[in-house]
């Protein structure tokens with residue numbers, strides 16, 4: 001069996017920075033330490049941090065009951081009200097928001113303040129999108145599908161600013177913007193899909209088109225990994241989504257000639273290497 005591993009597979013800059021930030025806080029030994037939501041969408045990393053004493057706050061209600069400690073903002077970012085709440089509770093705030101996500105926060109805050117309707121292309125339930133909405137001065141519109149884009153009805157010449165979830169499918173983003181283009185809005189389009197996401201998706205598509213089977217590694221809740229799986233599945237019918245090497249079914253791959261491997265932005269290098277080694281054994 002031959003293996004082809006995507007060069008772009010694994011931690012992106014923002015995720016690496018967020019994970020490093022938490023481990024740095026652990027090393028300082030100043031407890032208690034909390035992350036507002038899982039620091040990244042990878043169960044292995046989150047479990048390791050929990051074993052080191054880092055607790056995950058799953059809701060605003062849990063945050064409201066804290067009286068001491070350090071709260072780390074995860075890579076996905078949060079709305080302005082969460083920062084205000086942390087400050088009002090007298091807690092120490094460590095911000096590990098991805099800088100590319102921070103840039104979107106500044107954009108929507110500025111453009112919504114100037115009177116533009118914010119349209120976010122992304123998954124409305126994703127924590128990154130929830131955080132972006134929290135920086136808009138007026139309610140944002142979230143568009144994820146062709147039907148939602150076509151159903152977007154605002155008066156002609158409405159001032160609009162379109163941004164995207166950083167991990168959104170780039171091709172799909174272009175398609176949805178094209179639909180919104182026909183609406184005759186006075187619009188600004190800011191492509192906020194990060195370069196790492198675009199590069200990862202392009203490489204995954206290319207490899208999937210060349211191999212007999214494709215393995216996509218990532219957490220079950222990882223949005224960018226799910227999108228990689230969708231992209232690869234279109235190019236290669238034998239595409240498998242796994243979280244760790246334990247999920248790998250070698251019987252399915254036994255007679256496969258060339259296998260491609262890619263991984264989401266929240267997948268540690270160690271897990272990718274374990275999968276590669278298993279395929280080569």
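Tabulated data for the structure shown
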read-out: Restricting region 180-198 to residues that are loosely packed, with under 15 Cβ neighbours inside 10 Å and part of a helix (DSSP H, G or I), the residue that is nearest to the chain's Cα centre (by Cα); value: 195
read-out: Segments classed as helices (runs of 4 or more DSSP H), wholly inside region 1-100, with at least 2 members that are under 30 Å from residue 244 (Cα atoms); value: 13-28, 43-51
read-out: Selected residue (criterion: farthest from the chain's Cα centre (by Cα)) from residues of region 107-125 that are buried (at least 21 other Cβ atoms within 10 Å of the Cβ) and assigned to a loop (DSSP other than H, G, I, E, B); value: 116
read-out: Among residues of region 255-281, those that are touching a residue at least 60 places away in the same chain (Cβ under 8 Å) and exposed (fewer than 13 other Cβ atoms within 10 Å of the Cβ), counted; value: 3
read-out: Helices (runs of 4 or more DSSP H) contained in region 199-281 and holding at least 3 residues in contact with a helix residue (DSSP H, G or I) (Cβ under 8 Å, 6 or more places away or on another chain) and outside the structural domain of residue 46 (by TED's automatic domain parsing); value: 223-235, 269-280
read-out: Residues within region 134-178 that are out of contact with any strand residue (DSSP E or B) (no Cβ under 7 Å at 6 or more places or on another chain) and part of a helix (DSSP H, G or I), tallied; value: 11
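The values are calculated or read from the model by the stated rules, or taken from the named source; none is laboratory data. Here the structure is a predicted model, which means the values were calculated and not measured. Positions of Cβ are generated from backbone atoms using ideal geometry, with glycine treated the same way; all protein chains shown enter the neighbour counts.
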